[in-house]
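Okay, so here's the structure we're looking at.
Throughout, read-outs are computed from the coordinates displayed, never taken from laboratory work. All values derive from a computational prediction rather than experimental measurement. Heads up, the Cβs are rebuilt from the backbone with ideal geometry, glycines too, and the neighbour counts pull from every protein chain shown.
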């Protein structure tokens, strides 16, 4: 994106957010991506997820009420032994089994049957939540960090590297196209030159005849001018002797200059040796400092080994509270993947709002789940609003857009249920890196038809791997779709998705 275009977009976002908030304008400009500069994404996501009211004057009061409610609700739901239970799971990791917990056996003796059932259900819920949160974005240091600032800079670097890689690939493609065009031009020139060379060859035969006649005339003239040539030779010999004398004098001068240069080089070598000694002293000082830092970091790691990372604990608490707040749905595996990007955006907020990451993440997650909860309810799977209906939409859309590809997948008996189920139900959260997923969610959350664009993105993803799929066997094709290639640009996918939507709307 050019600097002028970025400036214009930043001005638009500033007008849309800071003045009287126009939600339709925000959706329109956010659909094509929210810029990293300006720290607009946290506010816009809160607006798009209906956490912030459209009128700016109501923001402060609504946020205060919601945040107060969250902390009060957390006090009531999170019991004193909550952290101890997680700590026990953290120590034993996968070997922990809530049914074999000694504390539960003690509680069984002390409590009534109803109370004991509730405690057992809570422990089971905590175990399921903790197990899934432990699998969330394992490649990101951000979610394993003990301190608030850990991991953020690392993710920024990864995002910048991914951007540069994408630019390089585009430049390489452009170079290849140019080279192909140049080759085509050269081939045309060669074909033209071959025709012209035939004509020139005939002309050259006549030219050679003329040259032989001219040479004979020159030989006759040279015989007449022989005495003049001998005098010229004598003059040239004297000039050569004088030049030799001058060369000898210059060589002597060069030798004297070389001796002086050697002396200067020796002096320089002495100075460089002194500088090297100083550098070595500095390096030793740096090494000692690094050694001290390593010792401190090791001590820190040893202390943190027995601690649950703060963000892991936060995610566990938020999912547990969601399950208690929505007992009809409860907690279902995969909800952790939906929460992760929301929590990430609010935890990396550059403003003071960062300290309210827990309540803001809770309500935004609750709002998004209210819209996609049908994907997590097995009873609604076969209805019009269920996950199976989304699979058929994807299948029909692919059939309209690329019939050959659709036929080939049908021939292999690979249906969208085998690979698209995870894409749709988790809103692509497991298919892309966090920076790419955040960019994709800018579009999804801004979709005026509310998640209708999920179908178009799914079809676009299939089209982007068409060259790899066509002609491949069943196992290869399925592995490509189930383990979607990370190198494919998110911009390319979204560009194709937009083209699909415009094509279908025009028909």
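Using Cβ counts within 10 Å as a stand-in for footprinting exposure, how do 361, 61, 370, 505 rank, fewest first? List each step's numbers first, then the result.
Working: 361 23, 61 10, 370 13, 505 7.
Ordered by Cβ neighbours within 10 Å, fewest first: 505, 61, 370, 361.
Residue 118 to residue 57: FRET efficiency via 1/(1 + (r/R0)^6), r the Cβ-Cβ distance, R0 45 Å, to the nearest 0.05? Provide the component values of the computation, followed by the final result.
Numbers: r = 43 Å, r/R0 = 0.95.
FRET efficiency, residue 118 to residue 57: 0.55.
Need one word for the range 233-281: rounded, prolate or oblate. Basis is the Cα gyration tensor (sqrt eigenvalues a ≥ b ≥ c); a/c below 1.5 gives rounded, then a/b vs b/c decides.
prolate
Taking a ≥ b ≥ c as the square roots of the Cα gyration tensor eigenvalues, with a/c under 1.5 meaning rounded and otherwise prolate when a/b beats b/c, else oblate, which class fits the range 379-506?
Since a/c stays below 1.5, the shape of the range 379-506 is classed as rounded.
Once you sort the root eigenvalues of the Cα gyration tensor of the range 445-504 as a ≥ b ≥ c, which label holds: rounded (a/c under 1.5), prolate (a/b larger than b/c) or oblate (the other case)?
Working: a/c = 2.26, a/b = 2.13, b/c = 1.06.
It is prolate, given that a/c is not under 1.5 and a/b is the larger ratio.
At what distance in nm do the modelled label points of residue 79 and residue 417 sit from each other, each positioned 7 Å from its Cα along Cα→Cβ?
Once both label points are built, they end up 4.1 nm from each other.
Distance from a point 7 Å along Cα→Cβ of residue 14 to each backbone N in the range 414-454: keep the residues under 18 Å and list them by number.
Within reach of a label on residue 14: no residues.
What ranking do 423, 59 get, fewest neighbouring Cβ atoms within 10 angstrom at the top? Intermediate values should be presented prior to the final figure.
On the way: 423 23, 59 17.
Listing 423, 59 from fewest to most nearby Cβ atoms yields 59, 423.
In whole percent, what relative contact order does the range 379-506 give with Cα contacts below 8 Å and a gap of six or more residues? Mind showing how you got there, number by number?
Values: 104 pairs, mean separation 33.5, N = 128.
With pairs under 8 Å counted, the relative contact order is 26 percent.
With a 10 Å Cβ neighbour count serving as the proxy for reagent exposure, in which order, fewest first, do 369, 434 appear? Don't skip to the answer; put the middle values down first.
Values: 369 18, 434 21.
Lowest to highest Cβ neighbour count: 369, 434.
Given labels modelled 7 Å from the Cα in the Cβ direction, how far is it in nm from residue 269 to residue 333?
7.2 nm
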